[in-house]
Amino acid sequence: MQIIRFSAKGWRARFDDGFDESNIARVADAFAYIWSEAKRGATVYVGYDTRYAALLHARVVARTLSMRGLRAIVSDAPCPTPALGWAVAQDDEAVGGIMITASGAASEYGGISARNDDGGPVSEEFYDAAARVVSSAPVEATGKFEERDIVSPYLEHLAQCVDSSVIAQASLSVVVDPMYGAGRGYLARLLRSMGCRVHEIHGETMADFGGLQPVPSEPWVETCKQAVRSFGCDAGLVLDGDADRFGLVDEKGRFVTPHRMVPLIMEHLVEDRGEHGRIVDTFSCSAYVRRQAVNLGCPFTAVPMGFSRVYREFVENDVLLGADEFGGVCVPKIFCERDGMLAALLVVELLAARKKSVSELVDELNENLGTMNYIRRNIQLDAASIQAFRNILPGLNPHEVCGMKPSVVAHSDGLVLVFENDSWVQLRPSRTEPLVRACSEASDVGLANRLAEEACKGALKALP
């Protein structure tokens, strides 16, 4: 039998290299073993996206859960990951959930992730425990399960999270791009019910996603950018494959990076909605977020890469917003999970409340916070070199990069070097792919590029 290796995102594999009914049942059985030991007879919800055979795989999961004495409830339609989490969180008898999705990965991949009893992501310790109990033999998947509409209650909840009357008065026109994923039809329906004129693209069924990788960033948002210009819309709203992340396109058809989109949402929550609390972000996100937190008078915490680390901060109950550098936004007072559809609704509410265009709001942001240029590069390495890189990182302590001495050197998430004027660079081996990510930011784009280049060269020279 194939060896199952979990990452912080659960388990992923290509459909032609192990992501099949047999291995899916083994993974579901490992999760079921943990949950049944904790609370026999508890409920587990199962959701799925729009990938190849996703419903079939969800039913395999449900039958496997049932064999362990758990009550399995399967969504009756493709559902966003936040919708699955919401269903789990609202059911006192639920011990967790399983989502069949590979999120923003290409269509050749399938994946399984688990949800905690509050609807948020499970810990890495949960996946470690599952890895220890995965069966080495085929698992029987013949139990019974129920099917239920778990998306409609979630959509009703989302509609109550924003002021629909303010949105209706603005009469906005938007392009919605679910990227053929689990958010198709849902965000468009919500916005139309609030009086928006909506043009949905990439909303049909397409098993190969039309060659599109469902990630709300460049270059995959190009069609949305073109549609915004073609229809003369106020904004483009892009969801990833399981609708837990969000990308924004302005009225001129330009992509707004998460490093500016997140501070806009922060400003809206504090200044327009009168909310307050701590901001939590990952080290590799923009200095813009920290600057905005200071500007708004909000405490700020940076954590290592991975939304599960952001999620752990919510236990303090003082967090207003949690985010990652990929467009994942969570407002824990509403729901403790990244939610691309909620982020999109908050942006629409912002446009309606301010009566300004996206580009005007971004220009104001740049004027208030200063200009920063963010660079991200991937360095492809073989598995042995990746491990060697991990081994040497804790010992790297460069005294100078690009003629500048770092004011902070941190090793809690790869290698992070911080310089004056908020310039910084990070090197971090990926936990899921054979590459090293290099991220940098500086007020001068040339400096940002040089920081990334020099840090990469210096680290690679240190390899044995």
Query raised in the report: When only residues in the stretch 427-451 that are within 19 Å of PHE389 (Cα to Cα) and modelled with pLDDT of 85 or more count, which is surrounded by the fewest Cβ atoms within 10 Å (Cβ to Cβ)?
Result: LEU451
Query raised in the report: If you scan the stretch 124-168, which residues turn out to be over 23 Å from the mean Cα position of the chain (by Cα), exposed (fewer than 12 other Cβ atoms within 10 Å of the Cβ) and either free of Cβ contacts under 8 Å to residues at least 24 places away in the same chain or under 30 Å from VAL310 (Cβ atoms) (or both)?
Result: ARG132, SER165
Query raised in the report: Taking only pairs six or more apart or across chains, which ones have beta-carbon atoms under 8 Å, a first residue in the stretch 364-383 that is farther than 20 Å from LEU447 by Cβ, and a second residue that is surrounded by 16 or more Cβ atoms within 10 Å (Cβ to Cβ) and of a type in the set (Phe, Trp, Tyr)?
Result: LEU365/TYR288; LEU381/PHE389
Query raised in the report: So which residues in the stretch 264-291 are at pLDDT 95 or above, crowded, with 17+ Cβ neighbours inside 10 Å and part of a helix (DSSP H, G or I), if there are any at all?
Result: LEU264, ILE265, MET266, GLU267, HIS268, LEU269, VAL270
Query raised in the report: Would you pick out the residues in the stretch 442-457 that are out of contact with any Cys (no Cβ under 7 Å at 6 or more places or on another chain), of a type in the set (A, V, I, L, M) and part of a helix (DSSP H, G or I)?
Result: VAL445, ALA448, ALA452, ALA455
Report task. Restricting attention to the stretch 84-112, report how many residues are under 20 Å from ASP149 (Cα atoms) and among the polar types (S, T, N, Q). Result -> 2
Report task. Identify, from the list ALA38, ALA89, ALA32, the residue that is assigned by TED's automatic domain parsing to the domain that holds PRO121, touching a residue at least 60 places away in the same chain (Cβ under 8 Å) and more than 19 Å from ALA105 (Cβ to Cβ). Result -> ALA89
**Report entry** Flag if GLY253 is assigned to a loop (DSSP other than H, G, I, E, B), under 22 Å from SER359 (Cβ atoms) and free of Cβ contacts under 8 Å to residues at least 40 places away in the same chain
**Finding:** yes
Query raised in the report: Out of all the residues in the stretch 17-27, is one or more in contact (Cβ under 8 Å) with a residue 24 or more places away in the chain, in contact with a His (Cβ under 6 Å, 6 or more places away or on another chain) and in the same structural domain as ALA106 (by TED's automatic domain parsing)?
Result: yes
Query raised in the report: Does VAL215 meet the test of being part of a loop (DSSP other than H, G, I, E, B), more than 24 Å from the chain's Cα centre (by Cα) and within 30 Å of PHE6 (Cα to Cα)?
Result: no
**Report entry** Pairs, first closer than 14 Å to ILE112 by Cβ in the stretch 50-79, second at pLDDT below 95 and of a type in the set (Val, Ile, Thr), C-beta under 9 Å, six or more apart
**Finding:** THR64/VAL139; THR64/THR142
**Report entry** Matching entry among GLY120, GLY110 (being within 17 Å of the chain's Cα centre (by Cα), surrounded by 15 or more Cβ atoms within 10 Å (Cβ to Cβ), more than 24 Å from CYS330 (Cβ to Cβ) and not assigned by TED's automatic domain parsing to the domain that holds LYS225)
**Finding:** GLY110
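To keep it simple, each residue is scored yes or no on (1) over 25 Å from the mean Cα position of the chain (by Cα); (2) buried (at least 21 other Cβ atoms within 10 Å of the Cβ); (3) of a type in the set (S, T, N, Q); (4) at pLDDT 95 or above.
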position	(1), (2), (3), (4)
SER7	no, no, yes, no
TRP11	no, yes, no, yes
SER22	yes, no, yes, yes
ALA25	yes, yes, no, yes
ALA30	no, yes, no, yes
GLU37	yes, no, no, no
GLY41	yes, no, no, no
Report summary line: Within the stretch 347-363, residues closer than 19 Å to VAL176 by Cα and among the hydrophobic types (A, V, I, L, M, F, W, C) come out as VAL347, VAL348, LEU350, LEU351, ALA352, VAL358
Report summary line: PRO332 vs (1) in contact with a Gly (Cβ under 9 Å, 6 or more places away or on another chain); (2) farther than 24 Å from ALA168 by Cβ; (3) touching a residue at least 40 places away in the same chain (Cβ under 8 Å): all pass except (3)
Report task. Kindly check whether there is at least one residue in the stretch 176-192 that is outside the structural domain of GLY41 (by TED's automatic domain parsing) and farther than 23 Å from GLY328 by Cα. Result -> yes
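The values are calculated or read from the model by the stated rules, or taken from the named source; none is laboratory data. Source: prediction; values computed, not measured. As a convention, Cβ positions derive from the backbone with ideal geometry for all residues, glycine included, and neighbour counts pool all protein chains shown.
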